[in-house]
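Notes follow once the structure below has been shown.
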Amino acid sequence: MTTWTPQSPGAGVISEIAAVAQDLRLLAPRLRAAADALGAAARELGDGARGLAASAWTAQTDALAVTAAALGEPTAAMAGAIDRYAARIAEIQARERVLGSVAEAEAAPALVVLAALREQADADLVAALVQATRTTSTSSGRELAQDASAAGRGWQDAIGASFTRWLVSGLTDDELTRLLEDSPHVADLLMTPTDLAAESRFAAVAEAAGAPAGPDRVAAVAAALAAMPAADRAALARLHPWFVGNLDGAPFADRIHANTTAIRAALHRARREGSADPQGAAARYEKLLAAGHQVVLFDPEGSRFAEIVGDLDAASAGVGVLVGGTGTNLGNAHRQRDRVATFVDRADGRLAMITFQGGEMPQTLTDAASSSYANDVAPHLRDFVAALDLETDAPVTVAGHSYGGSVVGAAESAGMVADRILHIASAGAGPGVGSVADYQAPDTPRYSMTAPGDPIGHVQGHELGSWGHGADPDVMPGLTQLETGRVVHGDPSSPLLQGIDAHSGVLRQDSTAWRNIYGVLTGGDVMLYGEPRLVEEIWTPGGYVQQRELPMTDPTYDPPTVDVP
């Protein structure tokens, strides 16, 4: 159908309109084909019909969606309305052809009449489509209420996600944002998986994503997306956020956009559950939708989450990925964000950090003895870092705290490659790891630190089957052990960072340990660990006992340093 004018009121192709009506009759068994046809018809009607204001059509978007959902009487009513419309246009065309042999002055009054008929036909079609939506029933025969909330609920209950995707395809980003804010059930529908391979413009990336997991798949996905027209890539993130949000190889900007929709969908579900949300998920999701959050991994059911803190594009000094330890979960992800923010703030825009949780983590010390969590999460971390490498030219440091150190080691064993590796009070060098030769890239600069008296020391280096986490990274050749020092770095009166509290205290801002972590992340200088020195040997009935003292107990001690490449 083409734009008509008062001089050509019959403009358009009747066969195209008739085809839409036929497709609507087959909507139930062929939802996708019917939705595409309706989308084409709607665009042409909106662009070409003088009597059909675009604002009016947009205003009925939700109602049209409800109509399509029923796949029954309303669909037939819409098909009938389009048939009648096509018949009226055909009559207008026939009259217009007759006027072709009439003098212009004589034809002018007749053209005015035909233009009025065309405009009335457009208006009647709109009215018929709107009326069909107002009388839509669910499959049980229940009439849908006219208020917005009931209409939204009916949509949620019945409409096909394919039709929903057409409905949002013509909106601007701002319009889509407003729609998702006002009608969160739309986000829920957009998160419905579909067969992307069946849509030609997305088939290549769907095929790439179906390959076995690993860096090669990440590269293939990135290549497939890079080969797509920009409009198609944007449409993929907008219409299929379920696919793009956690797709390693997809540009992070697209993932952030897609995950905004995913978070809105999760918020909608959490609100619907009401009192069945004891963990306060709705409140967390509301905070994530606030300005400033850049979520590049969001899968509540799989306990997967990653968020960028800082400006990744401006991070010239480095990009860090922090993997948390035992007790890390989606409910306390904000703590990890607060931790990495201290490093980002100190770097004044030159550093970006990413908090990463690639799956379920142990929640108790008993569970933490098992290496199964590390082995399960490792492939996700490996592929995420491969995807990150496509986003930045800055050095990437992957750091693991506590159980997270075992995850990092397992990921290295599975093929992860980063510019630097940092173990912070790490449970171990990775399940089954005995030396750096067990890693994909043995020559990668690696660093480790554990504060004196940290209970994690009783775990490091002990392994039996699936229990334990490989060698002790503090003493394994190929790693540089760093000093944890004082609670307040540079203050000789500050106590040493040691004991139980030091396990998390190593991440305390402005401690010596924190300073060394910052040095690794940004490529600065770091303090080397000072071995305890012998003070005296005391004779006891059981033999001589050596009394040793940490060099940092001496306020005048100046530890050696080394530059991080």
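The values are calculated or read from the model by the stated rules, or taken from the named source; none is laboratory data. Being a predicted model, the structure only gives us computed values, none of them experimental. Note that we place each Cβ from the backbone using ideal geometry, even for glycine, and neighbour counts take in every protein chain shown.
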I'm trying to understand the selection: among the residues of segment 166-205, which are among the polar types (S, T, N, Q) and either buried (at least 21 other Cβ atoms within 10 Å of the Cβ) or in contact with a helix residue (DSSP H, G or I) (Cβ under 9 Å, 6 or more places away or on another chain) (or both)?
Ser169, Thr177, Ser183, Thr192, Thr194
State whether the residues of segment 432-442 include one that is among the hydrophobic types (A, V, I, L, M, F, W, C), touching a helix residue (DSSP H, G or I) at 6+ places or on another chain (Cβ under 8 Å) and outside any loop (DSSP other than H, G, I, E, B).
no
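Report whether or not Leu507 is modelled with pLDDT of 95 or more, more than 30 Å from Gln440 (Cβ to Cβ), touching a helix residue (DSSP H, G or I) at 6+ places or on another chain (Cβ under 6 Å) and surrounded by 15 or more Cβ atoms within 10 Å (Cβ to Cβ).
no
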Identify the residue in segment 288-316 that is surrounded by 19 or more Cβ atoms within 10 Å (Cβ to Cβ), assigned to a loop (DSSP other than H, G, I, E, B) and in contact (Cβ under 8 Å) with a residue 60 or more places away in the chain and, among all such residues, is farthest from the chain's Cα centre (by Cα).
Ala315
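Tell me, which residue of segment 448-465 that is among the hydrophobic types (A, V, I, L, M, F, W, C) and modelled with pLDDT under 95 is nearest to Val433 (Cα to Cα)? Don't jump to the end; show me each part of the working.
Here is the first cut: in segment 448-465, the ones among the hydrophobic types (A, V, I, L, M, F, W, C) are 449, 451, 456, 459, 464.
Remaining after also requiring modelled with pLDDT under 95: 459, 464.
Working: Val459: 14, Leu464: 12 Å.
In this case the residue turns out to be Leu464.
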Using the structure shown, decide if Val545 is over 33 Å from the mean Cα position of the chain (by Cα) and not assigned by TED's automatic domain parsing to the domain that holds Ile421.
yes
Of these, Ala427, Ala399, Ala378, which one is in contact with a Leu (Cβ under 6 Å, 6 or more places away or on another chain), surrounded by 24 or more Cβ atoms within 10 Å (Cβ to Cβ), under 29 Å from His458 (Cβ atoms) and in contact (Cβ under 8 Å) with a residue 24 or more places away in the chain?
Ala399
What about Leu497, is it at negative phi, of a type in the set (A, V, I, L, M) and loosely packed, with under 11 Cβ neighbours inside 10 Å?
no
Within segment 269-287, can one find any residue that is in contact (Cβ under 8 Å) with a residue 60 or more places away in the chain and either crowded, with 20+ Cβ neighbours inside 10 Å or within 29 Å of Thr364 (Cβ to Cβ) (or both)?
yes
Would you be able to say whether some residue in segment 354-368 is surrounded by 21 or more Cβ atoms within 10 Å (Cβ to Cβ), assigned to a helix (DSSP H, G or I) and in contact with a Leu (Cβ under 9 Å, 6 or more places away or on another chain)?
no
Output the number of residues of segment 375-414 satisfying the condition of being within 22 Å of the chain's Cα centre (by Cα), over 19 Å from Asp454 (Cα atoms) and part of a helix (DSSP H, G or I).
17
Any chance you could count how many residues in segment 516-525 are surrounded by fewer than 23 Cβ atoms within 10 Å (Cβ to Cβ) and not in a strand (DSSP E or B)?
5
The condition from (1) outside any helix (DSSP H, G or I); (2) not assigned by TED's automatic domain parsing to the domain that holds Ala262 that Ala211 misses is numbered (2)
Tell me the residue from Val564, Val526, Val520 that is under 27 Å from Thr355 (Cα atoms), in contact (Cβ under 8 Å) with a residue 40 or more places away in the chain and not assigned by TED's automatic domain parsing to the domain that holds Ala418, please.
Val564
Any residue that is in contact with a Ser or Thr (Cβ under 7 Å, 6 or more places away or on another chain), outside any loop (DSSP other than H, G, I, E, B), modelled with pLDDT under 95 and under 22 Å from Trp166 (Cα atoms) - is there at least one of those in segment 261-278?
no
Among (1) in a helix (DSSP H, G or I); (2) at pLDDT 70 or above - the single one Pro193 does not satisfy
(1)
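Among the polar types (S, T, N, Q) and not in a loop (DSSP other than H, G, I, E, B) - does that describe any residue in segment 476-490?
Checking segment 476-490: at least one residue is among the polar types (S, T, N, Q) and not in a loop (DSSP other than H, G, I, E, B).
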